[in-house]
């Protein structure tokens with residue numbers, strides 16, 4: 001559960017609202033089902049979190065590189 005909470009909070013702080021919401025959904029699911037993450041529902045959500053996390057990291061990298069290039073131009 002600590003990992004889910006960490007993902008939820010750090011995503012929110014980074015402005016990754018969708019990823020934070022997915023983590024909140026997983027948190028709620030784990031509270032309902034117990035911490036057994038091997039159910040088909042949780043595995044499906046984990047796959048969605050993985051894909052969203054990868055897309056979020058790609059966007060953060062792009063934003064960083066664009067901001068860096070902008071600073072170098074000025």
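Rule-based calculations on the coordinates, nothing more; no lab input. Not measured: the values here are computed from a predicted model. Glycine gets a Cβ as well: all are built from the backbone with ideal geometry, and neighbour counts include every protein chain shown.
Odds and ends about this structure:
- Peptides 53-65, 12-24 ranked from most to least packed by the mean count of surrounding Cβ atoms within 10 Å: 12-24, 53-65.
- Added length on full extension, which subtracts the Cα-Cα distance from 0.36 nm per residue, residue 32 to residue 44: 2.7 nm
- Cα-based helix-to-principal-axis angle, 2-13 vs the chain, degrees rounded to 10: 30
- Taking the longest Cα principal axis of the chain as reference, the axis of helix 40-73 is set at about 10 degrees.
- Estimated 222 nm signal from helices in the chain, with DSSP H stretches of n ≥ 4 weighted -39500 (n - 2.57), rounded to 500: -29500 deg cm²/dmol
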